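The values are calculated or read from the model by the stated rules, or taken from the named source; none is laboratory data. Just so it is clear, the model here is predicted, and its values are computed rather than measured. No Cβ is skipped: glycine too gets one built from the backbone with ideal geometry, and neighbour counts run over all protein chains shown.
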Amino acid sequence: MPSKYQPQVSAWREDLHKGIYTTQLHLSNNKKLRYANDDYCEFSRRLGGGYFARGITAFISSILVLLSLWILYMGVFVIITVIDDRIITISASLLVLFIAYFLFQFLLNILFAPEDCPIRLNRKTGKVYIYDHSLLYFGTWATFTRSPFRAKEITVKEFNWADIQGCMTSVSVPIASGGMVRSYRLECVVCEPNTTKVIDHFLLAAGTSLGYNEWMWINSYMAFSDNNLDAEFMPEEEFTWPIKVNWPEKIDKKSKASSLEEYQKIDAEYKKLGNK
């Protein structure tokens with residue numbers, strides 16, 4: 001049975017229940033909660049093994065980029081100076097060029113992506129704010145179509161919580177020793193109001209062993225059901241990445257509004273400034 005939210009997200013597995021979750025144990029936030037008060041909460045969507053692992057990955061990627069460029073240089077030298085086997089050398093050089101481009105894009109994204117790409121949810125206004133970067137979707141077609149020089153580009157989106165639904169997706173990959181490795185993703189789809197027509201989607205969480213914790217926590221929080229929520233914030237990192245999260249001033253103020261009236265007042269003020 002396919003997802004009721006169409007068009008269906010890639011690798012769809014199941015649609016998730018939206019509403020209050022009540023269990024005997026506290027609803028865990030998987031140590032992804034950056035901040036929470038009575039107005040809004042902010043969840044981490046950080047991927048990978050932390051800042052130290054990110055630095056090591058950047059170092060290895062830079063070596064591979066340099067190695068690819070050296071191989072490409074040698075290929076061009078052979079094409080110019082050697083008459084025989086030019087077709088094979090040109091084909092190999094084009095393959096190396098593609099690999100070098102891929103590695104270069106990956107390196108720039110690792111270096112210049114922000115320390116985190118959080119999601120902020122305001123239950124007083126019913127608004128959701130997404131701090132998005134292409135690194136979260138590395139491996140999609142955007143990997144090949146997006147310019148590597150846009151690595152610093154951040155997209156901030158605002159949605160209504162009422163229009164957001166949850167889906168679980170999964171991908172299985174066979175391993176040489178036998179068996180499968182499965183990765184899971186909690187995707188949020190954004191539908192047109194009062195419909196199941198999907199107009200956008202974003203990643204909430206990903207992992208090789210993933211439950212519904214973040215989705216259940218957020219649902220209960222947005223419904224003002226706080227008694228069962230684990231309110232422990234995410235642990236401090238030992239290392240810090242130089243590219244910090246920097247919410248635009250307008251979004252930062254709107255996302256922290258204590259009422260819909262305050263939100264509308266802030267929005268009107270910035271629209272007035274924009275028209276001057």
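A few comments on the model shown:
- Extreme residue, modelled with the lowest pLDDT, among residues of region 199-209 that are aliphatic (A, V, I, L, M) and crowded, with 19+ Cβ neighbours inside 10 Å: ALA205
- Residue ID - surrounded by the most Cβ atoms within 10 Å (Cβ to Cβ), chosen from residues in region 150-167 that are in contact with a helix residue (DSSP H, G or I) (Cβ under 8 Å, 6 or more places away or on another chain) and in a helix (DSSP H, G or I): TRP161
- Residues of region 253-264 satisfying the condition of being surrounded by 14 or more Cβ atoms within 10 Å (Cβ to Cβ) and in a helix (DSSP H, G or I): LYS253, LYS254, SER255, GLU262, TYR263
- Any chance LEU94 is loosely packed, with under 14 Cβ neighbours inside 10 Å, at pLDDT 80 or above and aliphatic (A, V, I, L, M): yes
- So TRP12, is it more than 30 Å from LEU260 (Cα to Cα), surrounded by 15 or more Cβ atoms within 10 Å (Cβ to Cβ) and modelled with pLDDT of 80 or more: yes
- Selection of region 218-239 for residues being at pLDDT below 95, surrounded by 13 or more Cβ atoms within 10 Å (Cβ to Cβ) and aromatic (Phe, Trp, Tyr) yields only PHE233.
- In region 42-51, the count of residues that are surrounded by 12 or more Cβ atoms within 10 Å (Cβ to Cβ), among the aromatic types (Phe, Trp, Tyr), modelled with pLDDT under 85 and out of contact with any Pro (no Cβ under 9 Å at 6 or more places or on another chain) is one or more.
- For first residues located in region 24-37 and farther than 17 Å from LEU210 by Cα and assigned by TED's automatic domain parsing to the domain that holds LEU121, partners that are of a type in the set (A, V, I, L, M) and in a loop (DSSP other than H, G, I, E, B) and lie 6+ apart or on another chain with Cβ distances below 7 Å form the pairs ARG34/MET234; ALA36/ALA231.
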